[in-house]
Amino acid sequence: MQAATEAPVSLKQAFKDDFYVGAALNGRQVSGNDAKALNLIQEQFNTISPENLLKWESVHPQPDVYNFEPADNYVTLGEQEDMFIVGHTLVWHNQTPKWVFEDEQGKPVSKEVLLKRMEDHINTVAGRYKGKIDSWDVVNEALNDDGTLRQSKWLQIIGEEYLQKAFEFARQADPEAELYYNDYNLWKPEKRAGAVRLVRSLQEKGIKVDGVGMQGHYGLESPSLEDIEASIKAFSDLGVKVSFSEVDIDVLPNPSGRAGADIDATFDFDEKYNVYTTGLPDSVQQQLTARYAELFDLFKKHSDKIDRVTFWGVTDNDSWLNNWPIKGRTSYPMLFDREYQPKPAYEAVLKAAAK
Ligand code: G3I
């Protein structure tokens, strides 16, 4: 009789010798209100990221108000499941309340005041989860697509020094945690070069950066594997880890053909762009499957450089791509469908692991 072959039953098991595999979680999942998703999370993943729960506006909505309950639930879940726990994110231009940058009259605060607010926030948040959160996205999306620094309030008020300070404060708050720079569209040659400059300039100042997070909000055809691969190599050559921190694949048509995750680049709802409301056609399902397969082939090829691959959501239900760049569409970017069932792409990813 032929011995039964032991096919892997989960993503985490399939890639256990390669890299962590994870998902970004929302409040309903970490509180247990979405039990089916929670099952999938426990079964499939060995790392988690907080989709919105640890962002400044969630955790620190007003100067003297911290709201830690959802984030505590998130960290507790990760500890119970012995997962690699990611913190996202300490310093970002988005989902950061206006008060952070303003005085009581609504005027921009001084550099000193803003640095002090940044330090207090990082100390309080990263300090609370010291020894529990394994890796922090310290600075998120500081670059424009052309590789120059984004004119965020952080840059305008503090100057370039804000990058260094964010990493210093995070290191001080939790010396053991891995500290990452995280961004989207890092496959673009100009942006890749910008990220290399950014990390190198921190390293030259004696700041230890542990990793670069390539978000990985991709389309069916773009970016090319060559561009993604060139960035994996370029970041790895800096001596840092590379993670794919927010992977999803958008199958819907896009009015401007834009890629990435520029949250402000939105369009009014138009039914003509909401093309698969009753289900994903087979032909597109196949394209999605092939795209996930080729991406994971690439990740597997570079598993010596890649530390973690995290999906930005669990099922199609909870993906941000149902609401970006157009609100209220039916999107299909994940490996699990709206019924919490694995798609053909899931099987293809498992196969990539076995190669
Ligand atoms: O909090 C309000 C809630 O009170 C209200 O009822 C609800 C109604 O729509 O909106 C809620 O806010 C939404 C928030 O997510 C929490 O669900 C915002 O409208 C929505 O814009 C926000 O979107 C998040 C986005 O970041 C904002 O920047 C997405 O969920 C989240 O997936 C996305 O994640 C980012 C990463 O952090 C960084 N990289 C890009 C990635 C995708 O944009």
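What to note about this one:
- The calculated FRET efficiency for Asp268 paired with Thr330, based on their beta-carbon distance and R0 = 25 Å, is about 0.90.
- Most to least packed among 64-72, 342-350 [average Cβ atoms within 10 Å]: 342-350, 64-72
- Among the chymotrypsin sites (Phe, Trp or Tyr not before Pro) found in the stretch 242-285, those both in a DSSP coil and sparsely packed, with 13 or fewer other Cβ atoms within 10 Å of their Cβ, are Phe269.
- Per residue, the chain exposes an accessible area of 43 Å² to a 1.4 Å probe, with every protein chain left in place.
- Coordinate range along principal axes, alpha carbons of the stretch 196-346, Å, largest first: 53, 32, 25
- Degrees between helix 111-128 axis and first principal axis of the chain (Cα, 0 to 90, nearest 10): 50
- Protection proxy ranking, peptides 248-255, 233-240, average beta carbon neighbours within 10 Å, highest first: 248-255, 233-240
- Remark: relative contact order (the stretch 308-355) = 30 percent; criterion is Cα-Cα distance under 8 angstrom and separation of 6 or more residues.
- Length released on extending from Asn52 to Val275, taking residue separation times 0.36 nm less the Cα-Cα span: 77.5 nm
- Share, in percent, of DSSP beta bridges within the chain that are antiparallel, nearest 5: 10
- If a spin label sat at a point 7 angstrom from the Cα of Asp297 along the line to its beta carbon, the backbone N atoms of the stretch 316-355 nearer than 14 Å would be those of 348-355.
- Under 5 Å, built H, 5+ apart or other chain: amide partners of Thr310: Gly22, Phe244, Ser245, Glu246, Val247
- Virtual paramagnetic centre 7 Å along Cα→Cβ of Glu112, amide N under 20 Å, in the stretch 157-195: 157-163, 165-166, 169
- Taking Cα centre as origin and charging only the Cβ of basic (Lys, Arg, +1) and acidic (Asp, Glu, -1) residues, the dipole magnitude of the stretch 195-284 rounds to 620 debye.
- Mean ellipticity per residue at 222 nm, deg cm²/dmol - from DSSP H runs of n ≥ 4 across the chain, formula -39500 (n - 2.57): -11000 deg cm²/dmol
- The chain: angle of helix 69-80 to the longest principal axis, Cα-based, in degrees nearest 10: 50
- Taking every alpha-carbon pair under 8 Å whose residues sit at least 6 apart, the chain reaches a relative contact order of 17 percent.
- Relative contact order of the stretch 5-148, pairs being alpha-carbon contacts under 8 Å that are 6 or more residues apart, as %: 22
- Taking a ≥ b ≥ c as the square roots of the eigenvalues of the alpha carbon gyration tensor, the stretch 303-355 is oblate, as a/c is not under 1.5 and a/b does not beat b/c.
- Helix axis angle, 35-44 relative to the chain longest principal axis, alpha carbon, degrees: 80
- Rounded to 0.05, the FRET efficiency of the Gln42 and Lys351 pair, given R0 = 25 Å and the Cβ-Cβ distance, is 0.60.
- Principal axis extents of the C-alpha atoms in the stretch 116-272 (largest first, rounded to whole Å): 50, 35, 31.
- For the pair Val65 and Glu176, the difference between a 0.36 nm per residue extended length and the Cα-Cα distance amounts to 37.3 nm.
- The alpha-carbon of Lys16 sits under 28 angstrom from the alpha-carbons of these lysines, leaving out residues fewer than 8 places away in its chain: Lys36, Lys130, Lys132, Lys208, Lys233, Lys241, Lys300, Lys301, Lys305, Lys343, Lys351, Lys355.
- For the stretch 28-43, the residues whose amide N sits under 14 Å from a probe point set 7 Å from the Cα of Gln13 along the beta carbon direction are 42-43.
- Relative packing of 219-226, 149-156, which averages over residues the other C-beta atoms within 10 Å, highest first: 149-156, 219-226
- Were the residues from Ser31 through Arg150 laid out at 0.36 nm apart, the gain over their Cα-Cα distance would be 39.3 nm.
- Projecting the Cα atoms of Ser110, Gln156, Thr124 onto the charge dipole of the stretch 73-184 (Cβ charges, centred on the Cα centre) puts Ser110 farthest toward the positive pole.
- What you get for the chain, charging only the Cβ of Lys and Arg (+1) and of Asp and Glu (-1), is a dipole of about 400 debye around the Cα centre.
The values are calculated or read from the model by the stated rules, or taken from the named source; none is laboratory data. The structure presented is a predicted model; accordingly, all values stated were derived computationally and were not measured. Every residue, glycine among them, receives a Cβ derived from its backbone with ideal geometry; neighbour counts consider all protein chains shown. Keep in mind that these areas ignore ligands, DNA and RNA; they rest on the heavy atoms of the full protein, side chains included. Shrake-Rupley method; radii C 1.70, N 1.55, O 1.52, S 1.80 Å.
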